[in-house]
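The values are calculated or read from the model by the stated rules, or taken from the named source; none is laboratory data. Worth saying up front: this structure is predicted, and the values here are computed from it rather than measured. As a convention, Cβ positions derive from the backbone with ideal geometry for all residues, glycine included, and neighbour counts pool all protein chains shown.
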Amino acid sequence: MDLNQIRNDFPTLQEEVNGKRLAYFDSGASALKPRVVMDRLAQFYEKEYSNVHRGVHYLSQVSTLAFEDVRGKVQTFLNAAREDEIIFTAGTTESINLIAYSYVLPYLGKSDAILISEMEHHSNIVPWQLIAKMNGMDIKVVPVLDNGALDMQAFDNLLTPDVKFVSITHVSNTLGTVNPVKEIIEKAHANGSKVLVDGAQAAPHMTVDMQELGCDFYVFSAHKVFGPTGVGVLYGKFEVLDQVKPWQGGGDMIETVSFEGTTFNVLPHRLEAGTPNIAGVIGFGEALDYLAKIDVNWRYQHELNLLDYAMKGLKEFPQVRVLGTVPGKAAVICFVIDGVHAHDVGSLMDMNGVSVRVGHHCTEPLMKRFKVPATARASISFYNNKEDIDQWLSVFPKIFKFFG
C-alpha cells in the first residue's frame, strides 16, 4: 500500500499544531476521517437530503436507499448472516445500554449474575451496575494480570451456572490487550450464558467475523472506524436479537398504534425509534467503502510494526513505564513517567505537535488496579508512519529536562 497516498486521504494530517507537523496518536478516542467521508456528507446534505422510510417523493426514496444500503455494508463488514441483524444506534455506549435494559434486565433476576472484566470501559461497567441495582443481580469481575492479560483461570472459576450473561471487551482501549474472545464465547455458551463483545477498539483494526466468533451481540462505534460521530452498531444473532424488547417508543418502530395498545415493527426497525442519524449512517457507509479498498491484514500489520518500533524506542527511556505488555497486544501504548502528571506529559506533547490522550481513559478501576491516577496514551492507526513515532519519541528528553 502507498502510505503517502493514504496520509493524503486524511486532510487533518496536513495540518500543523503549534508550528509543528501533526503526529496524531488519539485514534483510540476517535479516528480521523478520510476526505471521501466529508465529501459524501456534503453531497447528501446538498443534493439528497430528506427523511427516510416515510416518504414517497423522490428525495425520500434516494435517502432511504442510501441509508439502508449501509446496513448491507455493515453486514458484509461483520460477516453477519442477515442484514436485519444490524441495528443502528448512537454509539457503542447506547448499544450496550440497549441490551442491558431491553434484554438482560427483563430476563435475568436475583439469582443470576453478569460477568465482566477489570479492563472494561466505563460503558461496559456502569450499565450493568445500574440494572443490577434494579433487580438484585450480582456482578462478577475477572481480574487482570500484571502484564495486562485477562486472568483466564479466574474467568473459568467465576463462570459458574448463575452467570447468565458475559460482557467483555475484544481489545482493551487502555492496555491494548487482545482478549481470547472466541475461547470466552465458547466457554460461556457451554455454561448457558449469552455473550456481548465490545468491539469499539477491535473493529477499526482487525477482521471481526461474526460467523467465526459466534457471539450473541457485538457492538462498536462508527467514529472509531473513520466515520462520523453519533452512529453505532449493534449486531445480534437473529434468534437472540428477536427477543430484545423495544428499546424506545416512537416513530418507525411500530406496526400499529391505538390508545388500546401498540404492536411493533419487525427487526431491525423495532429497535430504531424516531428519525435516525441519516447523514452519519451514510457517511459511515462511505468510510466502510474506503476501508474495503485497504487490505485489513496490511493495516493491522503496519500498526503492529509501528508499535514494535515505538516500544524499541522507549527502551532508551527507563523513566517511562508502560501499562500492558502482553504479547500480541494491539497498537496502544499507555504510559506513565514517575513524578510527572499525565496531563503535563500531554501538554508538552501537544507543544511539539503530538496528540495523545491523557487521564483514566474511562477505565478508572483499571487505573486503581495498576495504582496510577492517570496515564498518557498513544494509540496508533494505519495512517501513522515512523516519522510520527520519531516525533513522539523526541519529546521525552524534553519532558525529562523540563521536570528535572
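The single condition among (1) part of a helix (DSSP H, G or I); (2) not assigned by TED's automatic domain parsing to the domain that holds residue 282 that residue 33 does not satisfy is (1). Of all the criteria given as (1) more than 16 Å from the chain's Cα centre (by Cα); (2) touching a residue at least 12 places away in the same chain (Cβ under 8 Å); (3) at negative phi, the one not satisfied by residue 219 is (1).
Filtering 337, 278 for residues that are over 18 Å from the mean Cα position of the chain (by Cα), crowded, with 16+ Cβ neighbours inside 10 Å, among the β-branched types (Val, Ile, Thr) and more than 27 Å from residue 386 (Cα to Cα) leaves a single hit, 278. Restricting segment 52-110 to residues that are touching an Asp or Glu at 6+ places or on another chain (Cβ under 9 Å) and modelled with pLDDT under 95 leaves a set whose member that is farthest from residue 198 (Cα to Cα) is 54. Against the criterion of being surrounded by 24 or more Cβ atoms within 10 Å (Cβ to Cβ), assigned by TED's automatic domain parsing to the domain that holds residue 72, small (Gly, Ala, Ser) and touching a residue at least 24 places away in the same chain (Cβ under 8 Å), residue 214 does not qualify.
So residue 257 passes all but one of these: (1) closer than 17 Å to residue 54 by Cα; (2) surrounded by 16 or more Cβ atoms within 10 Å (Cβ to Cβ). Which condition number does it fail? Going through (1) closer than 17 Å to residue 54 by Cα; (2) surrounded by 16 or more Cβ atoms within 10 Å (Cβ to Cβ) one by one, residue 257 breaks only (2). From the list 284, 317, the lone residue that is in contact with a His (Cβ under 9 Å, 6 or more places away or on another chain) and aromatic (Phe, Trp, Tyr) is 284.
When restricted to residues that are crowded, with 18+ Cβ neighbours inside 10 Å and either in a helix (DSSP H, G or I) or on the phi > 0 side of the Ramachandran plot (or both), segment 8-30 contains 1. I'm told residue 8 meets every condition in (1) out of contact with any strand residue (DSSP E or B) (no Cβ under 8 Å at 6 or more places or on another chain); (2) within 30 Å of residue 357 (Cβ to Cβ); (3) assigned by TED's automatic domain parsing to the domain that holds residue 194; (4) not aliphatic (A, V, I, L, M) except one. Can you identify the failing condition by its number? All conditions are met except number (3).
Against the test of being in contact (Cβ under 8 Å) with a residue 40 or more places away in the chain and touching a Ser or Thr at 6+ places or on another chain (Cβ under 9 Å), the options 307, 291, 271, 314 yield a single qualifying residue, 271.
One residue stands out in segment 128-155 among those that are of a type in the set (D, E, K, R) and touching a residue at least 24 places away in the same chain (Cβ under 8 Å): the one that is nearest to residue 369 (Cα to Cα), namely 140.
Restricting the first member to segment 1-26 and to residues that are touching a residue at least 40 places away in the same chain (Cβ under 8 Å), and the second to residues that are among the acidic types (Asp, Glu) and not in a helix (DSSP H, G or I), the beta-carbon pairs closer than 8 Å and six or more apart or on different chains are 1/295; 22/15; 22/16. Got a sec? Which of 175, 159, 196 is in contact with a helix residue (DSSP H, G or I) (Cβ under 8 Å, 6 or more places away or on another chain) and surrounded by fewer than 24 Cβ atoms within 10 Å (Cβ to Cβ)? From the options 175, 159, 196, the qualifying one is 159.
For segment 42-54, give me the residue count where each residue is hydrophobic (A, V, I, L, M, F, W, C) and surrounded by fewer than 18 Cβ atoms within 10 Å (Cβ to Cβ). Selection size over segment 42-54: 1.
Determine which member of the set 285, 280 is at pLDDT 95 or above, outside the structural domain of residue 363 (by TED's automatic domain parsing), touching an Asp or Glu at 6+ places or on another chain (Cβ under 7 Å) and not in a loop (DSSP other than H, G, I, E, B). Spell out the reasoning first.
Working: 280 fails: touching an Asp or Glu at 6+ places or on another chain (Cβ under 7 Å).
Answer to the selection: 285.
Within segment 49-100, the set of residues being touching a Leu at 6+ places or on another chain (Cβ under 6 Å) and of a type in the set (Lys, Arg) comprises 73 only.
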